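The values are calculated or read from the model by the stated rules, or taken from the named source; none is laboratory data. A quick note: this is a predicted structure, and the numbers were derived from the prediction, not measured. Cβ placement follows ideal geometry from the backbone for every residue including glycine, while neighbour counts extend to all protein chains displayed.
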Amino acid sequence: MKQPRRIWARLLLFFYAGTVIYWMFIGFGRTPDPEGPLQYNLEPLRTIKLYFNLDNGVSYGYRLVNLLGNVAVFVPFGFLLPLVRGRLRSIVRLTLYSVLWILLLECLQMLLHVGSFDIDDLLLNLLGVWIGYALLGFAKRK
C-alpha cells in the first residue's frame, strides 16, 4: 500500500479503536457497579439463542442493537487492520490477533464492572472482523 494511504488507514484505525473503547467502557450510560458480582457467559450461543427466542420479553430494538451492533462495530477492524499491518493479511493471523484483543476487552469489561464477559459477543465481533476482511478482498479486486 502506498505510504499516504497507510498513514490515513492508521489514523482512521486509531480514532475508530478509541471510539469503540469509549463505547465499551463509558458510552451508552455505562457506570461501574463494583459491588455487583462479575457477570459472564461462557456457553457459546446462549445469549444469541436468547435473542432469537421471541417469547422472552426482550425488545426488538435491544435484540437488534446487540446482535447486529456487535457484528457491525468490528467490521472496520477487519478492513483496516490488514491495511495497517501487513502480517494480518492472512485470515488466520487476523483471526488470532482479533480474538486476543476481543478477549482482553471482554475481560476488562467484566473486571471493571462496566459490562459482562460474553463468549457470544466474541463470536459476533469476530464475525464482524471476517466481514470487514471479505469487504477488503472485494475492494481490492475492484
Self-check item: Subset of the range 123-142 [more than 14 Å from residue 80 (Cβ to Cβ) and surrounded by 19 or more Cβ atoms within 10 Å (Cβ to Cβ)]
Solution: 124, 125, 126
Exercise. Go through the range 33-56 residue by residue and tally those that are within 19 Å of residue 118 (Cβ to Cβ), outside any helix (DSSP H, G or I) and free of Cβ contacts under 8 Å to residues at least 12 places away in the same chain.
Key: 3
Practice problem: Give the residue, chosen from 129, 114, 84, that is of a type in the set (Val, Ile, Thr), farther than 18 Å from residue 12 by Cα, touching a residue at least 24 places away in the same chain (Cβ under 8 Å) and in contact with a helix residue (DSSP H, G or I) (Cβ under 7 Å, 6 or more places away or on another chain). | Solution: 114
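Can you pull out every residue in the range 93-107 that is touching a helix residue (DSSP H, G or I) at 6+ places or on another chain (Cβ under 9 Å) and within 16 Å of residue 41 (Cβ to Cβ)? Before you say what the answer is, go through the steps one by one.
So in the range 93-107, the residues touching a helix residue (DSSP H, G or I) at 6+ places or on another chain (Cβ under 9 Å) come out as 93-95, 97-99, 101-103, 105-106.
Scanning the range 93-107 gives 102, 103, 105, 106.
Which of the residues that make up the range 76-94 are of a type outside the set (Gly, Ala, Ser) and either exposed (fewer than 14 other Cβ atoms within 10 Å of the Cβ) or more than 17 Å from residue 17 (Cα to Cα) (or both)?
From the range 76-94, those of a type outside the set (Gly, Ala, Ser) are 76-77, 79-85, 87-89, 91-94; that's our starting set.
Passing the criteria: 87, 89, 91, 92, 93.
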Quiz prompt | Residues of the range 88-110 satisfying the condition of being without any contact (Cβ under 8 Å) to a residue 24 or more places away in the chain, of a type outside the set (A, V, I, L, M) and within 18 Å of residue 131 (Cα to Cα) | solution = 89, 90, 93, 97, 101
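Of 29, 115, which residue is at pLDDT below 95 and surrounded by 17 or more Cβ atoms within 10 Å (Cβ to Cβ)? Walk me through how you get there before you give the answer.
Values: 29 fails: surrounded by 17 or more Cβ atoms within 10 Å (Cβ to Cβ).
After ruling out the rest, the residue left standing is 115.
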Practice problem: Return a yes/no flag: does the range 85-98 have any residue that is more than 18 Å from residue 137 (Cβ to Cβ), in a helix (DSSP H, G or I), at pLDDT 95 or above and aliphatic (A, V, I, L, M). | Solution: yes
Quiz prompt | Near pairs, Cβ below 8 angstrom, 6+ apart or cross-chain, from the range 1-24 (in contact (Cβ under 8 Å) with a residue 12 or more places away in the chain and among the aromatic types (Phe, Trp, Tyr)) to any residue that is part of a helix (DSSP H, G or I) and surrounded by 13 or more Cβ atoms within 10 Å (Cβ to Cβ) | solution = 16/76; 16/77; 16/80
